[in-house]
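See structure below.
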Amino acid sequence: MNTRTLQQVIRSTPTSDGAGVRLRRSLGQTPSQRLDPFLMLDEFSSENPDDYVAGFPAHPHRGFETVTYMLDGRMLHQDHLGHRGELRGGGAQWMTAGRGIVHSEMPQQESGRLRGFQLWINLPAREKMKPAAYRDIQPEEIPRVALSAGGKAKVIAGILEVDGGGTAGPIQGLSTAPLFLDVRLPAGTRFAHPLAPEHSAFVYAYEGWLAVGAADGARPLNAHEAGVLSPGDSVTVAALDQGAAFLLLAARPLREPVVQYGPFVMNTREEIEQAIADYQNGRLT
């Protein structure tokens, strides 16, 4: 197998979004720091309610998918189409904004830790104007797999292929064929996984630090860093002198023009102008 190497490291930077939620952004800081079809990855984690309690009041989206994966805490999602879903620690929501949605994401706690991620994945041009859709994924729907070398993996999307077996996550059959794994390793253990050679892929470390790549050429990846992977058909990740946790994300690239204006992601400037006009005139959906 041709093991992928760590091609680029994107250090997440502190920022805020919504009504002042403090978070860290890695992919998506600038247009050059995307990885087709991935547009953005935010990590939020705080036990201080001042950092999150104001939440994300009603705001629009068009042209892509958002994935919210919660580690701790509770978040309530509501939209103008009448959908309502509660995200709990260990659960996720996969939302296809399509032609448009106006929604809010509000914490359902005034104390304790709120911790998780939001990932933006682009949609192909042919799907950008399809109706909005949702999958609220409860914690018990996400498979947890004990790894033979130690540690465990959770499968949100795609198929986990380890120890000669495959475990499918709840999200399957999308155009970008995404893989979304959450892996936790004890110190001194290694995790290897096949990847489709044509797919873009990156690792995001959120606890501890990792060595990414084959043993003779592994490079370090620290917590709160996204490591973009080179071409290849597999990835190897090792936890070094302490335990570590990371996300492994991969998907089929679209290779289409990307024009973004805030919460709208389309293929041309004219489509962005139409999205803005539709939102202003109440015709986003």
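The values are calculated or read from the model by the stated rules, or taken from the named source; none is laboratory data. Computed from a prediction, not measured in an experiment: that's the story for all the values here. Don't worry about glycine lacking a Cβ; one is built from the backbone with ideal geometry, like all the others, and counts go over all protein chains shown. In case anyone asks, the SASA skips ligands and DNA or RNA and just uses the protein heavy atoms, side chains included. Shrake-Rupley method; radii C 1.70, N 1.55, O 1.52, S 1.80 Å.
Of all the residues in the stretch 138-166, those that are among the charged types (D, E, K, R) and under 17 Å from residue 196 (Cβ atoms) number 1.
Scanning the stretch 18-53 for residues that are at positive phi and in contact with a strand residue (DSSP E or B) (Cβ under 7 Å, 6 or more places away or on another chain) yields 18, 28. Selection over the stretch 78-120 of residues that are out of contact with any Phe, Trp or Tyr (no Cβ under 8 Å at 6 or more places or on another chain), basic (Lys, Arg) and either closer than 21 Å to residue 27 by Cβ or assigned to a loop (DSSP other than H, G, I, E, B) (or both) gives a count of 2. Residues of the stretch 1-20 that are touching a Leu at 6+ places or on another chain (Cβ under 9 Å) and surrounded by 20 or more Cβ atoms within 10 Å (Cβ to Cβ): 4, 6, 10, 12.
May I ask you to verify whether residue 138 is under 20 Å from the mean Cα position of the chain (by Cα), open to solvent by 40 Å² or more (accessible area, probe 1.4 Å) and among the polar types (S, T, N, Q)? Yes: the conditions hold for residue 138. Close Cβ contacts (under 7 Å, 6 or more residues apart or on different chains) running from residues in the stretch 248-259 that are within 21 Å of residue 204 (Cβ to Cβ) and open to solvent by 40 Å² or more (accessible area, probe 1.4 Å) to residues that are assigned to a loop (DSSP other than H, G, I, E, B) and among the aliphatic types (A, V, I, L, M) comprise 252/177. Only residues that are among the basic types (Lys, Arg) and without any contact (Cβ under 8 Å) to a residue 24 or more places away in the chain were counted across the stretch 125-157, and they come to 2. Return yes when residue 223 is within 17 Å of residue 35 (Cβ to Cβ), aliphatic (A, V, I, L, M) and open to solvent by 10 Å² or more (accessible area, probe 1.4 Å) and no when it is not. Against the criterion (within 17 Å of residue 35 (Cβ to Cβ), aliphatic (A, V, I, L, M) and open to solvent by 10 Å² or more (accessible area, probe 1.4 Å)), residue 223 does not qualify. Taking first residues from the stretch 182-200 that are among the β-branched types (Val, Ile, Thr) and partners that are open to solvent by 50 Å² or more (accessible area, probe 1.4 Å), the Cβ contacts under 7 Å between residues at least 6 apart in sequence or on separate chains come to 189/149.
Taken as a whole, the structure places residue 176 among residues that are of a type in the set (Ser, Thr, Tyr), in contact with a Pro (Cβ under 6 Å, 6 or more places away or on another chain) and either in contact (Cβ under 8 Å) with a residue 40 or more places away in the chain or open to solvent by less than 10 Å² (accessible area, probe 1.4 Å) (or both). Only a single item in (1) open to solvent by less than 60 Å² (accessible area, probe 1.4 Å); (2) outside any strand (DSSP E or B); (3) farther than 27 Å from residue 200 by Cβ is not met by residue 75, and it is number (2).
Every residue, every condition in (1) out of contact with any helix residue (DSSP H, G or I) (no Cβ under 9 Å at 6 or more places or on another chain); (2) without any contact (Cβ under 8 Å) to a residue 12 or more places away in the chain, yes or no:
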| position | (1), (2) |
| --- | --- |
| 44 | no, no |
| 50 | yes, yes |
| 55 | yes, no |
| 66 | yes, no |
| 94 | yes, no |
| 105 | yes, no |
| 109 | no, no |
| 118 | yes, no |
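For the residues 97, 125, the requirement of being open to solvent by less than 10 Å² (accessible area, probe 1.4 Å) and either modelled with pLDDT of 95 or more or farther than 20 Å from residue 245 by Cα (or both) singles out 97.
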